[in-house]
Amino acid sequence: MNPMLTVDDLRVSFPTRTGLIEAVRGVSFTLGRERLGIVGESGSGKSQTGRAIMGLTPAHARISASKLNFDGTDLLTAPAKVRRSLRGSRIAMILQDPKYSLNPVMSIGRQIVETLRTHENVGKREARDRAIAMLEAVQIRDAGRVFDLHPHEVSGGMGQRAMIAMMLIAGPELLIADEPTSALDVTVQLDVLGILDKLVAERGMGLIFISHDLRLVSSFCDRVIVMYAGRIVEEIAAVDLANAKHPYTQGLLNCMPTLGTDRHPLPVLDRKPEWAA
Amino acid sequence: MRAAIAAENLTVSYDDFLALDDVSIDVASGESFGLVGESGSGKSTLLRAIAGLAPVSDGRIALDGETLDARYRDKAFYRRVQMVFQDPYGSLHPRQTVDRLLQEPLAIHGVRDAERRILRALDEVGLGSSFRFRYSHQLSGGQRQRIAIARALIIEPEIMLLDEPTSALDASVQAEVLNLLEQVRRDRKLTYIMVSHDLGVVTHMCERLAVMKSGKVVERLSSGDLVAGRISEAYTKNLMVASKGFVRKAALA
Ligand SMILES: Nc1ncnc2c1ncn2[C@@H]1O[C@H](COP(=O)(O)OP(=O)(O)O)[C@@H](O)[C@H]1O
Ligand SMILES: Nc1ncnc2c1ncn2[C@@H]1O[C@H](COP(=O)(O)OP(=O)(O)O)[C@@H](O)[C@H]1O
Ligand SMILES: [Mg+2]
Ligand SMILES: [Mg+2]
């Protein structure tokens, strides 16, 4: 079976006054209709990898790949119009920070309705009903009230869920979820994962799940890519994560505070220069 | 012992909506107190009310036994009480350098000795002096949150209101930031009120905690009781179950 997405030797760098920042340094992987986790510490290049696929690399950055292919379309050479239409309908991304992706001057409900109506020819009434149903699906209580609120009037967790609702209402084939649940409390987090899980299982959506929470990723994803300093240091089946080989992966697993373990201070990563080589 | 911070029967409403409904907590000097509960339960609102950033319509907030004005906070208050927000993107101006961001609180409070304090603050939060002239939009999330913490610490407050300070960070950085927060609390005898959705984090950092739901405190307990499962509310028990990770329903069926 052909993978839905092929990424080969992806590189993203930023020229700055103090030199070139190499955010992504030769990342390669493929994705089928599965849940692929990308973990790694802040700055390891997870978001820039996701953004490159989505076509949201900042204009001043340099991007290259020997292959960046979505379902037969070469994303790097595709005309802007083709990319935009892919982005609008077949590929979606839940951004790390909902405040940046929700329009501050438009009510949450209207944003979801407009997203839906650019993809499907539905009447106002139906669009509103479906938007409210989607808000309820991401466990927003009192969805009718939240529909009329502006992004600054809701808590961070609720903004995040509104954003997820907006992305899911278009029914994408490939969803890149960048820390989609890190601002949510545990119960809601699991509800959202349940929704994503269903989309993968029932609709065959491909999911790239970017997260810093290894425990969550290991209980949720099929495969996990571990990134360090712009590179992949380990790729491992999620169920085998506890037996990870790379000391970086082991260190990440070790440093989490867990209920009932009393470790003060917490063990921290002892970073080795060769990890970034 | 007198409470460093006490909130009594606090009520905050937005139009007809009660974001806080008759909430009371008291936090002893030097204590680390946790707040947990689902999104929208009012945790941030409680911290914001203490910081004078939410419309308090009823109740009282006292700092060292002295009742504060319902809304207004003077400069002296912010010298003693600092807040770190959950969102490391929104709280720092993207077009400012780290140096500017750290100079600002020093200027506001008329603190001299800026050079030494900035270098120390950067060192304390584990960022070298090479970060000093970077713009905040060039930093990753974890780096920004360290700067936000450095900004709060640099004027040497007594009380820190920490709103999900590590929830946007990956595990390695979280461990370092939690160790950092514990270390400075010990060194400077700080008092913390800390919100987190991660029960592992809260029980690691706090001696006692309050569980919030729909603007109310539904349970108060010690971290020891929570870990041992000595829980009275079903709501708290649900939080405990959920903290164990994702369970695929299809796999069970
Ligand atoms: N606009 C930018 N200019 C310069 N460097 C950037 C920019 N955006 C990101 N970076 C750098 O690229 C690296 C990777 O960032 P990112 O992909 O956001 O990391 P992650 O998502 O894994 O935390 C980091 O070192 C970050 O500082
Ligand atoms: N400025 C505001 N206007 C209207 N409602 C608000 C405002 N700020 C917060 N709220 C509401 O108050 C409730 C509690 O929010 P918050 O304290 O941020 O929750 P959390 O426990 O997630 O931190 C939410 O339902 C939110 O929508
Ligand atoms: Mg990121
Ligand atoms: Mg909050």
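What accessible area, summed over both chains, is buried at the A-B interface (1.4 Å probe, Å², nearest 100)? Buried area (both sides, nearest 100 Å²): 3700 Å².
Within a Cβ distance under 14 Å of A:P267, other residues only, what is the Lys/Arg minus Asp/Glu net charge?
Around A:P267, the surrounding residues sum to -2.
Calculated on the alpha-carbon coordinates, the convex hull of the range B:2-115 measures out at 137 cubic angstrom per residue. The packing ranking of peptides B:95-108, B:159-172, B:134-147, A:261-274, highest mean first, is B:159-172, B:134-147, B:95-108, A:261-274, where packing means the average number of other beta carbon atoms within 10 angstrom of each residue. Computed over the protein assembly as shown, the range of Cα coordinates on each principal axis works out to 68, 55, 44 Å, biggest value leading. Largest first, the extents of the alpha carbon coordinates of chain A on the three principal axes equal 58, 51, 44 Å.
Among A:186-197, B:116-127, sorting by the average number of other beta carbon atoms lying within 10 angstrom of each residue, highest first, gives A:186-197, B:116-127. Average accessible surface for the protein assembly as shown: 43 Å² per residue, computed with a 1.4 Å probe over protein heavy atoms with every protein chain in place.
Its Kirkwood hydrodynamic radius, worked out from the mean inverse distance over all distinct Cα pairs, puts the range B:121-253 at 16.8 Å. Where both partners of a DSSP beta bridge lie in the range A:146-277, what percent of those bridges are antiparallel, to the nearest 5? Approximately 55 percent, going by the DSSP bridge assignments.
What does the convex hull of the Cα atoms of the range B:5-243 come to per residue, in Å³, rounded to a whole number?
So the per-residue Cα hull volume is 124 Å³.
From the convex hull of the Cα coordinates of the range A:1-158, what is the mean projected area in square nanometres? Mean projected area of the Cα convex hull: 11.8 nm². By DSSP, the beta bridges lying fully in the protein assembly as shown are antiparallel in about 55 percent of cases. What a 1.4 Å probe finds exposed on the protein assembly as shown is 49% carbon and sulfur by accessible area, rounded to a whole percent. What nm value, rounded to one decimal, do you get for the distance between A:D222 and A:D270 when each label is placed 7 Å out toward the C-beta? It is 3.8 nm. Convex hull volume of the Cα atoms of the range B:198-253, normalised per residue: 102 Å³. Placing pseudo-labels 7 Å out from each Cα toward the beta carbon at B:Q183 and A:T30 gives an inter-label distance of 4.6 nm.
Within straight-line reach of A:K81, meaning a Cα separation under 29 Å, sit the following lysines at least 8 residues removed in sequence or on another chain: A:K46, A:K67, A:K99, A:K124. All other residues whose Cβ lies under 13 angstrom from that of A:T6 are scored, Lys and Arg at +1 and Asp and Glu at -1, for a net of -3. What residues in the range A:29-43 lose 40 Å² or more of accessible surface when the other protein chains are added to their chain alone (1.4 Å probe)? Listed by number, the residues meeting the 40 Å² cut-off are A:S42. Label 7 Å along Cα→Cβ of B:R112; the range B:126-165 residues with amide nitrogen under 18 Å? Only B:155-156 fall inside the zone, counting backbone N under 18 Å. Beyond 25 Å, what share of the Cα-Cα pairs of the range A:142-264 is found? Please give it as a whole percent. Percent of Cα pairs beyond 25 Å in the range A:142-264: 35.
Over chain A, what is the mean sequence separation of C-alpha contacts under 8 Å (at least six apart), divided by residue count, expressed as relative contact order in percent?
Working: 478 pairs, mean separation 64.7, N = 277.
Normalised by residue count, the contact order of chain A is 23 percent.
The values are calculated or read from the model by the stated rules, or taken from the named source; none is laboratory data. Worth saying up front: this structure is predicted, and the values here are computed from it rather than measured. Using ideal geometry, Cβ is built from the backbone for each residue, glycine included, and neighbour counts are taken over all protein chains shown. Quick note on the areas: whole protein, heavy atoms, side chains included, nothing else; ligands and nucleic acids left out. Shrake-Rupley method; radii C 1.70, N 1.55, O 1.52, S 1.80 Å.
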